[in-house]
Structures are given as C-alpha cells and as structure tokens.
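S.K.: Have a look at this one.
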Amino acid sequence: MRAAVWCLLLWLSAVLPAAGLVNCGNPGGNRNCPTGENGEPADPGFAYVGFVGGATGVYLGNGWVLTARHLPARDVRIEDTVYPWDGASDYKFPNAELRLFRLSEWPDMPALPITSSTPKRGQLVVMVGVGRDCADQVTYWQVNRATEPWTWTEVPSREQADAAGILSHPASAKSWGTNRISGLTEHPKLGALIVTDFTEDPSIRTPYEAQAVSHDSGGAVFVEDEDGWKLAGIIATVTKLYPGQPGVEKSGKGTLQIGSGVFGNLTLAVNLAPYRHKILEITGLEAE
C-alpha cells in the first residue's frame, strides 16, 4: 500500500502554486471529459472546472465558484464562455486554503454535489485542473545527489535512470488524471488536507496517475460513493519537490514555477468535508 504521510507539514514551509495536471498513463492527453470506457473513470464533473485567470476554479452552482484562497476572485471561463465576477461576493476561509466568490452571470448547470464525509486512505480520486500543458512522454534522469542542488542528467531509458517524471509546457490546458489518497492531515493555515503521492510503482499506481503542477491550484478532487461522483477536495499546493528538480524555477516575480511532476512528489488538496456546512450556508445551495 502507499506510504502513509506523517509529519508531512513539518517541512511544508510555504504554499506553492499548483498548475496543469501531468499524468503518466496518457502523457499529453486526458484533455476531454472522461468517458467511463476503456479503463477511464466516468465523468465526475469535468465541465464544472474552469479557468480563474491563470489558475483553476470549480463551479458549484447558483453562481458560486470555489477555488484556493491564495487566488483572487475574478471572472471565470467555463467551457468557452467567460462569466464575470459580481465584484462584491468574496469569502476567504480563515483557517483553510479555500475561497468562495460569486458571478453576476453563470451557466445553467445543476449544483455540484460535495461529499459530506472525509474520504478514506487508499480511495481512488479523479483530479481535474487547468494549468501547464503536459508533455507527451515520460522523461528519465540520472541524479547526482552529491551536489547542491542535485544534478539531473537526462537519459534515454528507465534502466539507466534513478528518477523519472513528466515535464510540462507553459501553455495552459484543462486535463484530468487519477490517484489514490495516501494520507490525511491537518495544517494550521491550509486546513484539513487530502494527500496524494505521484508513484510509478506498477503494483499501486492508478491507470492515469496524476500530479499537480503550476496553475492547478483551485482544481477539483472527486471521489465516488454509492450515489455517484462528488467533489471532495480543492487542490491547494504541491510538496516534496526535489533539490534542483527539472522544470522547477523561480519566475521574474520571485514565485516558484512548478513545470514538472517527478515520481515521489505530493499533491495537497483541502478536504471539503469539514467545511461543507459553511460552503452550503454561504452559497445557499442545498445539501443533497
């Protein structure tokens, strides 16, 4: 089974922006709604995930959008239509990496169900984000850990490598992937968290094993129960990056751009179950 994540947040020092998902099952793909066929999951709510500027937000219904707290309230593009923020409705959760804001115009879509119970370790999730465009192949590296930072040398095959992952391009793309919950934890600023581990272990990895990268912040994590797929988490950040990891660099503004997912990286998403009552209270949406 996947390693449980304990003491994770002792070394998580900052919220890093997360971006478009990379996945190793279909690198460069998964840009359309999953079909439920040929090993793909059924559609968990792909159309509800939209562009919030250069990052991601999830449309809940009745004009309300849920995203990560560190992202500003602004106009949202859902499918091919831009819906304006109403300029006033904006609620930041004080102890969770969540933000709710309302649009002045919105799509005619039913409310998206939010799970009322915390998912379990080992449970399959579908992740949807809008971020950097995933490369269409796995990249392999030999890593010299004796240098500071580590030195990464690209090699042609896994047999020659001691690390592997997926790079991405700066262009944005909406995509989905899968993973399993490897841990549940708490953080004083980020709140209750769901942890997923990007693994290449064939005995435990999911068919479309995914990791968040830059601009996936605010993206969706869905779980399935007896009533169907429900929104369970909002992607907040990524962690367990490696020293000198390829594709990770500081931008001109000093922010860290995460342009790769290397096996062993982690994605952290806010667990929505503890905040569901407040979300429904603010939005006026009804519990399913």
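The values are calculated or read from the model by the stated rules, or taken from the named source; none is laboratory data. As the structure is a computational prediction, the values presented were derived from the model and not from experiment. When we count neighbours, we look across all protein chains shown, and the Cβ atoms used for this are built from the backbone with ideal geometry, even at glycine.
S.K.: Being modelled with pLDDT of 95 or more and either assigned to a loop (DSSP other than H, G, I, E, B) or among the hydrophobic types (A, V, I, L, M, F, W, C) (or both) is the filter here; which residues of region 53-69 pass it?
M.R.: Those that are modelled with pLDDT of 95 or more and either assigned to a loop (DSSP other than H, G, I, E, B) or among the hydrophobic types (A, V, I, L, M, F, W, C) (or both): V58, L60, N62, G63, W64, V65, L66, A68, R69.
S.K.: Something else: Mind telling me which of the residues K230, K240 ends up being surrounded by fewer than 24 Cβ atoms within 10 Å (Cβ to Cβ), on the phi > 0 side of the Ramachandran plot, more than 12 Å from the chain's Cα centre (by Cα) and among the charged types (D, E, K, R)? Give the derivation first.
M.R.: Values: K230 fails: on the phi > 0 side of the Ramachandran plot.
After ruling out the rest, the residue left standing is K240.
S.K.: Related question: Confirm whether V213 is assigned to a strand (DSSP E or B), over 30 Å from P110 (Cβ atoms) and aliphatic (A, V, I, L, M).
M.R.: yes
S.K.: Output the residue which, of all residues in region 150-164 that are among the small types (G, A, S) and in a loop (DSSP other than H, G, I, E, B), is farthest from V248 (Cα to Cα). Full working, then the answer.
M.R.: The first filter runs over region 150-164 and keeps only residues among the small types (G, A, S), leaving 157, 161, 163-164.
When the remaining residues are screened for being in a loop (DSSP other than H, G, I, E, B), the result is 157, 161.
Working: S157: 22, A161: 19 Å.
Ranking the candidates gives S157 first.
S.K.: Search region 148-188 for residues being β-branched (V, I, T), under 20 Å from Q137 (Cβ atoms) and within 17 Å of the chain's Cα centre (by Cα), and hand back the single one that is surrounded by the most Cβ atoms within 10 Å (Cβ to Cβ).
M.R.: In this case the residue turns out to be I166.
S.K.: Still on this structure: Of everything in region 189-210, what is crowded, with 19+ Cβ neighbours inside 10 Å and among the basic types (K, R)? Give them in sequence order.
M.R.: Residue satisfying the conditions is R205 alone.
S.K.: Got a sec? Which of A210, A192, A232, A220 is of a type outside the set (V, I, T) and under 30 Å from T151 (Cα atoms)? If you could, list the steps in order and put the result at the bottom.
M.R.: Numbers: A192 fails: under 30 Å from T151 (Cα atoms); A232 fails: under 30 Å from T151 (Cα atoms); A220 fails: under 30 Å from T151 (Cα atoms).
Only one candidate passes the filter, namely A210.
S.K.: When G259 is evaluated against the numbered criteria (1) within 19 Å of the chain's Cα centre (by Cα); (2) modelled with pLDDT of 95 or more, which criterion, by number, is the only one it fails?
M.R.: G259 satisfies all of (1) within 19 Å of the chain's Cα centre (by Cα); (2) modelled with pLDDT of 95 or more except (2).
S.K.: Also, I was wondering about something else. Kindly indicate the residue of region 240-288 that is touching a Phe, Trp or Tyr at 6+ places or on another chain (Cβ under 8 Å) and among the β-branched types (V, I, T) and also farthest from S116 (Cα to Cα) among those meeting that condition.
M.R.: Only one residue fits best here, namely V262.
S.K.: Would you mention how many residues in region 84-133 are among the basic types (K, R) and assigned to a strand (DSSP E or B)?
M.R.: Of region 84-133, the ones among the basic types (K, R) are 92, 99, 102, 120-121, 132.
After this cut, where a residue has to be assigned to a strand (DSSP E or B) as well, the list is 92, 99, 102, 132.
Counting residues in region 84-133 that are among the basic types (K, R) and assigned to a strand (DSSP E or B) gives 4.
S.K.: Continuing with the same structure: Restricted to region 76-87, and to residues that are of a type outside the set (A, V, I, L, M, F, W, C) and surrounded by fewer than 17 Cβ atoms within 10 Å (Cβ to Cβ), which residue is farthest from Y59 (Cα to Cα)?
M.R.: Step one: of region 76-87, the residues of a type outside the set (A, V, I, L, M, F, W, C) are 77, 79-81, 83-84, 86-87.
Right, trim to surrounded by fewer than 17 Cβ atoms within 10 Å (Cβ to Cβ) and you get 77, 79-81, 84, 86-87.
Details: R77: 10, E79: 11, D80: 14, T81: 13, P84: 13, D86: 14, G87: 17 Å.
Looking at residues that are of a type outside the set (A, V, I, L, M, F, W, C) and surrounded by fewer than 17 Cβ atoms within 10 Å (Cβ to Cβ), I get G87.
S.K.: State the number of residues belonging to region 103-120 that are out of contact with any helix residue (DSSP H, G or I) (no Cβ under 8 Å at 6 or more places or on another chain), of a type in the set (G, A, S) and loosely packed, with under 15 Cβ neighbours inside 10 Å.
M.R.: Selection size over region 103-120: 1.
S.K.: Would you kindly identify the strands (runs of 3 or more DSSP E) lying entirely within region 233-285 that contain at least 2 residues that are in contact (Cβ under 8 Å) with a residue 40 or more places away in the chain and farther than 18 Å from T185 by Cα? Working first, answer last.
M.R.: On the way: elements: 248-250, 256-258, 260-262, 266-271.
Of the strands (runs of 3 or more DSSP E) lying wholly inside region 233-285, those with at least 2 residues that are in contact (Cβ under 8 Å) with a residue 40 or more places away in the chain and farther than 18 Å from T185 by Cα span 256-258, 260-262.
S.K.: Do we have any residue at all in region 127-139 that's at positive phi and in contact (Cβ under 8 Å) with a residue 24 or more places away in the chain?
M.R.: Among the residues of region 127-139, not one is at positive phi and in contact (Cβ under 8 Å) with a residue 24 or more places away in the chain, which makes the answer no.
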